[in-house]
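Novice: Submitted below is the structure of interest, expressed as structure tokens.
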Amino acid sequence: MEFGVLGPVVAWDDAGQPVQLKGPRHRAVLARLIVAGGRVVPATRLVDDLWEDPPDGALSALRTFVAALRRALEPDRPRRTPARVLVTEGPGYALRTDSVDAVRFEQAIGAGEFESALSCWRGPAYADFADEPWARAERARLTELRLLAVERYAEQRLAAGRAAEVAAELDAHVIEHPWREEGWRLLALSLYRSGRQADALAVLRRAQDMLVSQLGIDPGAALLQLETDILNQATHLEPKSVWSAYERTVSPKARLESTVGLLRSIAVSGGLHEARQHRLAAITAAEQLGDSDLVARVIGAYDVPANWTRSDDEADAAAVVRAAERVLPTQDHPAVRARLLATIALESRGSRSDRSLEAAGEAERLARELDDPAVLAFALNGVYMQSFRQAGQAPARDAIGAELVDLASRHALPAYEVLGRLIRLQSACAVADYSAADMHAAAGDELAARHDAPLVGVFTGWYAALRADTPEAYQQAAVRRPTAAMPGLHHGLLELALAAHALRHGAPIPTADYGPHIPWIQPLVIAQSNQTDAERLLQQLTDPPPGLLLEAHWALVAHAAAQLGFEPALARAQTVLRPAAQEQAGAQTGLLTLGPVASYL
């Protein structure tokens, strides 16, 4: 049994499966005992912590919670034998275990394994008990340790010569935690070691201004000394590593191109978020060198296959599109232009602009005239991303997936073969051809195992939950197949899947954080208690963006409008959904379903 508190409070059994902990008070008892670190917590103290105003029978209720937790944590323990994990001692209870992610986190820090330490985190510590007084001190302690680990890990990578990578990450770190002087110092040092002396000095001045104006404190000696050392170009600031020799002997242009190749490899191996962060920094660095051909190559070399139709970082994506548009007029070579245009189509996912559709079409035309399978695969990915402007396009997308599978398998492009399989899985799922979807899921998993593509398991794991069609299966998918590496997919997905299941089974729609899906599910949630407010939301509704969830969002609107008898919104939804009358709403994702589109018509 293992317990997790670096995020929502959870428990996993020996097989890594989540343990059902019942209600929030059961998890609160468990969390409170983990906070105690093995010490006994008196029952009366637990009652006071669980209830602001304890009701009559609170002690009896606490004993019920403890009994239920014991059954969940030790399901094979014979009856009437003493508990070994959640034990009774004297006037209270204690949790006897060191198998807690927070303990592993601290052990990894002690061993100097900062990357491993940071990988323990799934979200804010004790995330579901953030406002509880008994959790505050421990949450603050763990958060401080995490910030320390971020800085020590950055220091390790700086020593290894990974300055540009560190700079990209620390910029966000100091914005979020402006009082961390060590963060500012490391950011400035990483910029200096990346050849950006002016930027390093600007960061130090920004740190000083922020510390003085917002926090009312003077910068420490370490920041002031670093500014002096940078101005003097002190030799001790240079990294002492093999990588520094590489930086001295290899030209900046060659380093940038090789870096983008590395970032592509990192992305397809599961480090999507990290690679995207550094990608924009590489494009910016290329532009600063004033070589338009280099900029075009740096942008076009990042041909990472993309399946999800919501951007992980819309501001970042928009910046990449602007850079591609700036350099496109300078490029005549068909392959280079096709890659830039495919980039524009991919990074404009979710857009209704004519320009992104035009870019996808021109990229495909150029690619088909070339004898270059990799460019054609990249262009087809752009066409796929722009194929969601109207409902009912599963057959067309299946054709794209089939061509990608054939092209990639013949020319050893495994990442695009994986993409083709995922597209075909989703397209088959959309028309309820689950035998075909099962086959493509199995093929995708086999490719992922052979070619180290862990993110494939996110999609196939969630597809398995759709096939199981139980709330528990979706919750297990969320724990076993975390989507945090793809923020555009992650936020609100579990909540939406559970709401879709509730709607199909006639259960109340839960009130939850639906993230980017809020505008289209909120009328349905509010209609359960306030029809006037729900109608007002339907009147103000904007069209959902093109994407894999287009039919799902409109189905939610149709359901709310039909329930309220609000004809204008119902007519809007049905007009959009009618071309998909033979499909399953939401199943185009391969992750969840709202049932047949026909039922909403």
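The values are calculated or read from the model by the stated rules, or taken from the named source; none is laboratory data. The shown structure was predicted, so the numbers you read here are calculated from the model rather than taken from an experiment. A quick note on method: Cβ atoms are made from the backbone with ideal geometry, for glycine too, and the neighbour counts reach across all protein chains shown. SASA here: full protein model, heavy atoms, side chains in, ligands and nucleic acids out. Shrake-Rupley method; radii C 1.70, N 1.55, O 1.52, S 1.80 Å.
Novice: What are the ³J(HN,Hα) couplings of segment 48-64, residue after residue, when phi is run through the Karplus curve with 6.51, -1.76, 1.60 and θ = phi - 60°? Round to Hz, x for glycine and proline.
Specialist: Result, ordered by residue: 5, 6, 7, 10, 5, 10, x, x, 4, x, 5, 4, 5, 5, 4, 4, 5 Hz.
Novice: Quickly estimate the mean residue ellipticity at 222 nm for the chain, helices only: each DSSP H run with n ≥ 4 gives -39500 (n - 2.57), and the total goes over all residues, rounded to 500.
Specialist: That comes out to -20000 deg cm²/dmol.
Novice: Follow-up. Calculate what fraction, in whole %, of the accessible area of segment 16-128 sits on carbon and sulfur atoms when a 1.4 Å probe is rolled over the protein chains.
Specialist: Result for segment 16-128: 49 percent of the exposed heavy-atom area is carbon or sulfur.
Novice: If ligands, DNA and RNA are left out, what is the accessible area of Thr97 with a 1.4 Å probe, given in Å² to the nearest 10?
Specialist: Using a 1.4 Å probe on the heavy atoms, I get roughly 40 Å².
Novice: Something else now. Divide the volume of the convex hull of the Cα atoms of segment 1-47 by its number of residues and quote the answer in cubic angstrom per residue.
Specialist: Cα convex hull per residue, to the nearest whole number: 80 Å³.
Novice: Please state the shape class of segment 91-143: rounded when a/c is under 1.5, otherwise prolate if a/b exceeds b/c and oblate if not, all from the C-alpha gyration tensor.
Specialist: Oblate.
Novice: At 7 Å along the Cα-to-beta-carbon direction for both Lys22 and Asp76, put a label point, then send me their distance in nm to one decimal.
Specialist: Result for the modelled spin labels: 2.3 nm.
Novice: Related question: Using a ≥ b ≥ c from the Cα gyration tensor of segment 309-418 (square roots of the eigenvalues), is it rounded, prolate or oblate, where a/c under 1.5 gives rounded and otherwise the larger of a/b and b/c decides, a/b for prolate? Each step should come with its number before you reach the end.
Specialist: Values: a/c = 1.71, a/b = 1.13, b/c = 1.51.
Judged from the Cα gyration tensor, segment 309-418 comes out oblate (a/c at least 1.5, b/c at or above a/b).
Novice: Given a 1.4 Å probe, how much area per residue of the chain is accessible, in Å²?
Specialist: For the chain, the solvent-accessible area averages 44 Å² per residue.
Novice: Projected onto the charge dipole of the chain (+1 at Lys/Arg Cβ, -1 at Asp/Glu Cβ, origin at the Cα centre), which of Val9, Gln20, Pro133 gives the Cα projection farthest towards the positive end?
Specialist: The residue sitting most towards the positive pole is Gln20.
Novice: Compute the relative contact order of segment 286-388 as a whole-number percentage, counting only Cα pairs closer than 8 Å that sit 6 or more residues apart in sequence.
Specialist: Relative contact order here is 29 percent.
Novice: Binning every alpha carbon pair distance of segment 96-235 at 5 Å from zero, what are the percents per bin?
Specialist: 2, 10, 17, 18, 18, 13, 11, 6, 3, 1, 0, 0
Novice: Any idea of Met210's accessible area? Nearest 10 Å², probe 1.4 Å.
Specialist: Accessible surface of Met210 is approximately 40 Å².
Novice: Relative contact order, percent, of segment 416-503 when contacts are C-alpha pairs under 8 Å separated by at least 6 residues?
Specialist: Relative contact order for segment 416-503 comes out at 19 percent.
Novice: Taking the convex hull of the Cα atoms, report for the chain its projected area averaged over all directions, in nm².
Specialist: The number I arrive at for the chain is 31.9 nm².
Novice: Rounded to a whole number, what is D in µm²/s for segment 392-548 from Stokes-Einstein with the Kirkwood radius over alpha-carbon pairs (37 °C, 0.692 mPa s)?
Specialist: Calculated translational D: 191 µm²/s.
Novice: How large, in percent, is the carbon and sulfur part of the accessible surface of segment 283-354 at a probe radius of 1.4 Å?
Specialist: C and S fraction of accessible area: 49 percent.
Novice: If you roll a 1.4 angstrom probe over the protein chains with everything in place, what fraction of the accessible area of segment 413-474 belongs to carbon and sulfur, to the nearest %?
Specialist: Working: 1240 of 2180 Å².
That fraction is 57 percent.
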